[in-house]
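Colleague: I am attaching a structure below and will ask some questions about it afterwards.
No lab work stands behind these numbers, since they all come straight from the coordinates. Because the structure is a prediction, the values reported are computed rather than measured. With ideal geometry, Cβ positions are generated from the backbone for all residues, glycine too; neighbour counts draw on all protein chains shown.
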Amino acid sequence: MSIATQSTDSGLILALSKGRIFEDTLPLLEAAGIVVTENPETSRKLILATNDPGVRVLIVRASDVPTYVQYGAADFGVAGKDVLLEHGGEGLYQPVDLNIACCRMSVAVNAGFDYETAVRQGARLRVATKFTHTAREHFASKGVHVDLIKLYGSMELAPLVGLSDAIVDVVSTGNTLRANNLVEVEKIMEISSRLVVNQAALKLKRARLQPIIEAFEKASALQTKQG
Ligand code: AMP
């Protein structure tokens, strides 16, 4: 299904989220000759111009990037594996792991909570998370019974106030967990961000998209090698 600007407009639309994904994508765009000429941190605009009149950038919530690309409202985007697993990836072509915005998806509990024993004894765990699909799969694969509590942010608060026994969240430095007296007890998976492309756009706009995909691929491989 595609409701889009794309059949009438030959320009390209890229969906990005503010913050780390936006910042880490800028050098990749520059490698493709594209410079974003407005700053989403200071501008209130949701559609940003670039030096190329044929390329515009949509600023959307990280979890909405796959949806904009799936329906063709954006031709391509950058989304974390965490977000893509929750979305399901339908209608998306995922040609490149960009190795940016790297972190991990983990289980964390209050510092005093004996997670190993609770899991071993088959206790029913209350787990708060935004990532319900990933959490359900993870605990099902371990045979652990869980009650999932869906939250939309500040997961770290849930165990502190007794809303849950554990959380499933993305962790980067671990500073947020430490600041809230939480302990990471299990790593579920490594997370990085991927380039996602609308499947119809890839066919209809291949001539414009292919060089950008290749430039992203080369620049991210180079960064990974150097980093
Ligand atoms: P940290 O304190 O560095 O471990 O960062 C953890 C906080 O930042 C959590 O609230 C996460 O939701 C968020 N976070 C860290 N890295 C990422 C990432 N790559 N993508 C999305 N959220 C992240």
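Colleague: Based on the mean of other Cβ atoms within 10 Å per residue, sort peptides 21-31, 114-124 so the most packed one is first.
Modeller: Those peptides, ordered most packed to least, come out 21-31, 114-124.
Colleague: Okay, next question. Quick check for me: using +1 on Lys/Arg Cβ and -1 on Asp/Glu Cβ, what's the dipole size of region 103-190 about its Cα centre, in debye to the nearest 20? Kindly include the intermediate steps, with their values, before the conclusion.
Modeller: Working: 10 positive and 10 negative charges, 33 e Å.
The dipole magnitude comes to about 160 debye.
Colleague: Related question: If you bin the C-alpha pair distances of the chain every 5 Å from 0, what whole percents do you get?
Modeller: Pair shares across the bins are 1, 7, 14, 17, 16, 13, 11, 9, 7, 4, 2, 0, 0.
Colleague: Still on this structure, please answer the following. Counting DSSP beta bridges with both partners in the chain, what percentage is antiparallel, nearest 5?
Modeller: The answer is about 65 percent antiparallel.
Colleague: Can you tell me the equivalent ellipsoid semi-axes for region 103-190? Use √(5λ) from the Cα gyration tensor, largest first, whole Å. Spell out each step's value before the answer.
Modeller: Numbers: eigenvalues 61, 41, 32 Å².
One finds semi-axes of 17, 14, 13 Å for region 103-190.
Colleague: I've got another one for you. Which of Asn110, Asn99, Asn181 moves the most in a Gaussian network model of the chain with Cα springs under 10 Å?
Modeller: Ranking Asn110, Asn99, Asn181 by mean-square fluctuation puts Asn181 first.
Colleague: With a 10 Å cut-off between alpha carbons and a GNM built on the chain, which of Gly112, Gly33, Gly88 moves the most?
Modeller: For the chain, modelled as a Gaussian network with Cα springs under 10 Å, the answer is Gly112.
Colleague: Modelling each spin label as a point 7 Å along the Cα-to-Cβ direction, I'd like the Asp97/Gln223 distance in nm, to one decimal.
Modeller: So the two model labels end up 1.5 nm from each other.
Colleague: Order of 200-213, 34-47, 182-195, 65-78 by packing, highest average Cβ count within 10 Å first?
Modeller: 65-78, 182-195, 200-213, 34-47
Colleague: So in region 103-190, what percent of DSSP beta bridges are antiparallel if you round to the nearest 5?
Modeller: Antiparallel: roughly 60 percent of the beta bridges in region 103-190.
Colleague: Assuming R0 = 45 Å, can you tell me the calculated FRET efficiency for the pair Lys203 and Asn39, based on Cβ-Cβ distance, to the nearest 0.05?
Modeller: About 0.85, to the nearest 0.05.
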